[in-house]
Amino acid sequence: MNLDTQSLQPIINFIWTVADDVLINKYLENQYQDVILPMTVLRRLDLALEPTKDQVLKTHKEFKSKIDNLLGLLTSKEHGSGLAFYNTSPYTMKKLLDDPKNIDSNFEDYLNGFSENVQDIISKFKFRNQLETLENGGITFSLIEKFCNPKIELRPEKISPMAMGYMFEDLIRRFNEKTNAAAGRHFTPREIIELMTHLVYLPVKDQIQNGTFLVYDPCAGSGAMLTQSKKYATNPDGEIKSKATFHLYGQENTGEMYAVCKSDMLLKGEDPDKIKFGSTLSEYGFDPNLKFNFMLTNPPYGTSWKEDQKELNVGTAKKIEINDTRFNLPIKNFKGELEETCLTSRSNDGQLMFMLHMLSKMKAPKDGGSRIASVHNGSALFTGDAGSGESGIRQYILENDLLECIIQLPNDMFYNTGIATYIWILSNVKEDKRKGKVQLINASSKGEFSKKMRKPLGDKRVELNPSHILDIQNLYFAFEENEYSKIFDNEDFGFYQITTQQPLKLAITNCKEKIRNGKGAYLEDLLNVAGFNIEVIADFFGDDIHLDFNKSIIDFSSHLGVKKEGFINKTIRDVLSVFAETNSDAKPVFKNINDYKKHKTQPEKRVENTKYIIDKDLKDFENVPMTENIETYFQREVKPFAPDAWYDKKKMKVGYNIPLTKHFYKYDELRNLDVITKEILSLEQETDGLLKEIID
């Protein structure tokens, strides 16, 4: 399955010259791909139809007036193209060059001659929109001539769907780099697809030797994952050698990639109707009850799904409400009770929504179950606090024991991003030794699990060779703890988030000085109404430190002769608060002065936390591992540092994250300072001892 990408570069480079040789000054740079990509696909289809062209024309001429639907005849091996598509125009691309004067009208006839399934491809490329520009620019002949050059070898028997997908991805990457446009998605390197197919199929090798299986990619792109996974499973010289029937299903929302995918399905003899156009999240193209045996995908990450949210929203208020059953699932609350919960990720990153979508398409274990391989960035592992949609999605996966393994890949694996990426392997038919467990594999070490490329392709600087894939595969199947593999219980990734609160502690300090400096001047009118002035405060408190704010309120009220509880609790408290500061040595402040008085008369009685005013600045969160007792953790980790702290047992949240890199972190011990000093001094010998004088 390995692809020699270097051998494809001459073809890609030649196609790339079409822009500079033909389209320049006729099209803007950001429009080049609107012509080059569809022409590449059309030339590939043209070459595939070339050997049977005369037979198709003969059959069409003979039966067009006799039979309404010629599809069966024109695609048959005996009378037609032998492929799932055809072209009934008298032209091939080469023949179009025989009549330069009429090439524009003939080219339009040529396009119209394609079967309906190819018309869909042309439509998604919006290629007919380009015909007028090509004609007005007088470049139709030059364009077709370029694509008929033998240097552009696109015959299906010469260029596989995998190679074709790579070529398109490389061309799109170049277009995006040239126009400084974001690629919008991360195309999957061929060797990553190979690793994914191995881990999806090999564990169930014996169960897929015969029968019928459905394979699905909800973010199909060029279709490479689908075609290569089938090729791997059914290759008579491969590891599996399955004789089963594999049906390929996919959905893609980018017109050009949908067109590429569908065209290659046509060439491979796959059912093109099993490739749907539109957004998988909001415009799912298949029967909602259709389930799949195998799912492989690389969803867009760090990409907004806000438009899908709008389509799915059934709410009438500002808050988005989604009642789609794919995204409303039961997860446990902190009491251990199952609650139906709407699990939606942040609107700026929808990758985990595709994961939920795939989970909803899994076959039941009694029907054989399903296996999933999906590529994600690090955000899918840990983004989202307890109670968030992302955390809830991870919780659902782990509570239902669906996650088998996560593999961290080397950085710089993808064409347009150097970030860390991870393959998630999921199954609802785990083998016994994996039940209740999750395996984490760290294959990020360059040299150990990848090699540097001779020539980078965009951001892709490293690649996996067959031995690297085998090494990772062996780690997975060994299912053992070692330097690169760790085994955990599902619960190890869960935690309870508790909110810790502490009472407000206020002390009245330097009252006289503060008043002298103008603090509290705005209180004069209020104090006058109450019958005293600000100097009374200065005289009463002076510049001493008063660490019991509650007592200060009572003593000052008594000094003024105030007895009304409401006035004391509100006005006196508010006035004195102006001259108070937080102080860790002070006494906790009560909400109600009567509660303080009761506490003074019964100091042995425990004060309810609700009686205190909360210090909002000291509010904190603690993530307590699910495997620990919350109270034990609280007494050990919080109380020694905040003796007055408490947590609300009714407001705990459940969270899940998977800190993969943390589990493989290696601490590099600092070198001995004396050794470092000696090394520096030895290097300094040539500088006449100047550095030694400085150090000494």
**OP:** Would you point out the residue of the stretch 267-277, among those that are touching a helix residue (DSSP H, G or I) at 6+ places or on another chain (Cβ under 7 Å) and under 16 Å from MET162 (Cβ atoms), that is surrounded by the fewest Cβ atoms within 10 Å (Cβ to Cβ)?
**Re:** LYS268
Original post:
Are there any pairs with C-beta distances below 6 angstrom linking a residue in the stretch 226-247 that is touching a residue at least 60 places away in the same chain (Cβ under 8 Å) to a residue that is of a type in the set (Ser, Thr, Tyr) and buried (at least 16 other Cβ atoms within 10 Å of the Cβ), with the two at least 6 apart or on different chains, and if so which?
Top reply: SER229/THR197; TYR232/THR197
Original post:
Which of the residues belonging to the stretch 333-351 are part of a loop (DSSP other than H, G, I, E, B) and β-branched (Val, Ile, Thr)?
Top reply: THR344
Subject >> Candidates GLU339, GLU311, filtered to the one that is free of Cβ contacts under 8 Å to residues at least 12 places away in the same chain and more than 17 Å from the chain's Cα centre (by Cα) >> reply: GLU339
Subject >> Test set (1) out of contact with any Leu (no Cβ under 9 Å at 6 or more places or on another chain); (2) in a helix (DSSP H, G or I); (3) in contact (Cβ under 8 Å) with a residue 40 or more places away in the chain - ILE472 fails condition number >> reply: (1)
**OP:** Pull up the stretch 14-33, narrow it to residues that are of a type outside the set (D, E, K, R), touching a residue at least 12 places away in the same chain (Cβ under 8 Å) and farther than 18 Å from ASN149 by Cβ, then point me to the one that is surrounded by the fewest Cβ atoms within 10 Å (Cβ to Cβ).
**Re:** ASN30
**OP:** Would you please name the residue that is surrounded by the most Cβ atoms within 10 Å (Cβ to Cβ), looking only at residues in the stretch 632-672 that are polar (S, T, N, Q) and under 21 Å from LYS486 (Cα atoms)?
**Re:** ASN657
Original post:
If you go through the stretch 278-297 one residue at a time, do you hit one that is at pLDDT below 95, of a type in the set (Val, Ile, Thr) and surrounded by 17 or more Cβ atoms within 10 Å (Cβ to Cβ)?
Top reply: no
**OP:** Considering only the stretch 138-173, state which residues are assigned to a helix (DSSP H, G or I) and acidic (Asp, Glu).
**Re:** GLU145, GLU169, ASP170
Subject >> Selection status of LYS486, farther than 30 Å from THR303 by Cα, part of a loop (DSSP other than H, G, I, E, B), under 25 Å from the mean Cα position of the chain (by Cα) and modelled with pLDDT of 90 or more >> reply: no
Original post:
Before we move on, is VAL462 among the hydrophobic types (A, V, I, L, M, F, W, C), over 30 Å from PHE567 (Cα atoms), in contact with an Asp or Glu (Cβ under 9 Å, 6 or more places away or on another chain) and in the same structural domain as GLN207 (by TED's automatic domain parsing)?
Top reply: yes
Original post:
Of the residues that sit in the stretch 632-653 and are assigned to a strand (DSSP E or B) and under 34 Å from the mean Cα position of the chain (by Cα), which one is modelled with the lowest pLDDT?
Top reply: TYR647
Original post:
Of all residues in the stretch 352-367, how many are part of a helix (DSSP H, G or I) and either in contact with a Pro (Cβ under 7 Å, 6 or more places away or on another chain) or basic (Lys, Arg) (or both)?
Top reply: 4
Subject >> Considering residues of the stretch 601-631 that are of a type in the set (Lys, Arg) and loosely packed, with under 11 Cβ neighbours inside 10 Å only, the residue modelled with the highest pLDDT >> reply: LYS616
Subject >> Top-ranked residue of the stretch 562-589 - restricted to ones that are part of a loop (DSSP other than H, G, I, E, B) and modelled with pLDDT of 85 or more, ranked as farthest from the chain's Cα centre (by Cα) >> reply: PHE579
Original post:
polar (S, T, N, Q), within 39 Å of the chain's Cα centre (by Cα) and either under 30 Å from TYR415 (Cα atoms) or not assigned by TED's automatic domain parsing to the domain that holds PRO38 (or both): does that describe GLN119?
Top reply: no
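The values are calculated or read from the model by the stated rules, or taken from the named source; none is laboratory data. Please read these numbers as outputs of a predicted model, since none were measured by experiment. A quick note on method: Cβ atoms are made from the backbone with ideal geometry, for glycine too, and the neighbour counts reach across all protein chains shown.
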